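Data block below; observations after.
Any read-out appearing in this document is the output of simple, stated calculations on the displayed coordinates, not a laboratory observation. None of these values were measured; they are calculated from a predicted model. With ideal geometry, Cβ positions are generated from the backbone for all residues, glycine too; neighbour counts draw on all protein chains shown.
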Amino acid sequence: MTETTAPPPARAAAPGWLDTRSVIAVMLVCSGVAVLGALFFVRIPAENQHQVDLVLGAILGAFTTAVTFYLGSSKSSAAKDDTISALANGGAP
C-alpha cells in the first residue's frame, strides 16, 4: 500500500503593505527619521550646512508626498478609477 502525501499549501499572497509604493514610503519615513535624529547627535560643519539642508528638504518633501498619497485623496481616487474600469469592462467592482 502506498501513501500519498498532500501537496504543500499554496503560498499566500503578499500583504497589501508589501507593494512597491508602500515599501518606498516606509523607506522615506525611515530615512527622514534617521536624518532628523542624526541632526541631534552629529555636529555639522558650517561649510556643509547648505548640503545638509538640501538633503533634509528633499527627504521631507518626498515624505510629505507619501503621506499625502496614503492619507489624502489620491488613494481614494485610484480606488474609484479601478471601480469605474471594472464596471466599464463588465466586471463587478
Considering the alpha-carbon set of region 19-88 alone, what are its Rg and its Dmax in angstrom?
17.2, 59
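Could you give the length gained on full extension between GLN51 and SER22, defined as 0.36 nm per residue of separation minus the Cα-Cα distance, in nm? Don't skip to the answer; put the middle values down first.
Numbers: separation 29, 0.36 × 29 = 10.44 nm, distance 2.77 nm.
Between GLN51 and SER22, full extension yields 7.7 nm more.
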For region 19-88, size of Cβ-based charge dipole, Lys and Arg +1, Asp and Glu -1, in debye:
120 debye
